[in-house]
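To start, the structure itself, in structure tokens.
Since every read-out is calculated from the coordinates, none of them should be taken as a lab result. All values reported here derive from a predicted model rather than from experimental measurement. Glycine also receives a Cβ, built like all others from the backbone with ideal geometry; neighbour counts cover every protein chain displayed.
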């Protein structure tokens with residue numbers, strides 16, 4: 001299987017008011033091209049808990065995509081509610097994805113330990129929270145991108161062993 005459709009959900013109060021300021025989408029598009037994939041669904045919304053949940057459910061349950069990437073709302077600010085909203089819609093978590101991102105990010109900055117990213121699955125769709133910083137998105141998604149095709153194949157019925 002090759003070529004996967006992704007959704008990108010950017011969570012930002014300021015960027016939702018001025019979507020032209022979004023720097024995340026071009027970075028994600030560039031990285032996804034390395035695995036012959038693209039953004040099929042894209043939206044920017046404010047950091048609103050119920051709206052985030054609604055969009056994640058809509059994307060996972062009604063869109064023709066394989067995975068959802070979120071960017072933003074993973075920090076310590078009061079309005080950073082992406083992990084809480086994500087946790088509520090997941091069927092199960094895949095903690096090693098965010099552990100791998102953290103492992104890599106800590107090589108660059110100790111502040112990475114303050115991120116509250118989650119990764120998991122809903123309706124056979126992989127959902128991964130990424131930070132809101134363009135630099136962090138480039139580093140974090142770039143670090144895990146080569147594993148994503150294998151994960152998406154497994155979620156879609158590939159039963160061959162994962163070893164190797």
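Contact order, relative form, for the range 5-155: 28 percent (alpha carbon pairs under 8 Å, 6 or more residues apart, mean separation divided by residue count). Average projection, convex hull of the Cα set of the range 50-123: 5.1 square nanometres. The C-alpha radius of gyration of the chain, expressed as a fraction of 2.2 N^0.38 Å, stands at 0.96.
222 nm [θ] for the chain, helices only, -39500 (n - 2.57) per DSSP H run of 4+, per residue, to 500?
Result for the chain: -12000 deg cm²/dmol, rounded to the nearest 500.
Residues 94, 27 in ascending order of nearby Cβ atoms (within 10 Å, fewest first): 94, 27. Highest mobility in the GNM of the chain, judged by mean-square fluctuation with C-alpha springs under 10 Å and restricted to 50, 13, 140, is found for 50. Peptides 33-39, 100-106 ranked from most to least packed, by the mean per-residue count of other Cβ atoms within 10 Å: 100-106, 33-39. Altogether, the Stokes-Einstein calculation at 25 °C and 0.890 mPa s, with the Kirkwood radius of the range 1-64 over Cα pairs as Rh, returns a diffusion coefficient of 195 µm²/s.
Result for the chain in a Gaussian network model with C-alpha springs under 10 Å: among 118, 56, 76, the largest mean-square fluctuation is at 76. Between the alpha-carbon centres of the range 25-47 and the range 141-159 there is a gap of 16 Å.
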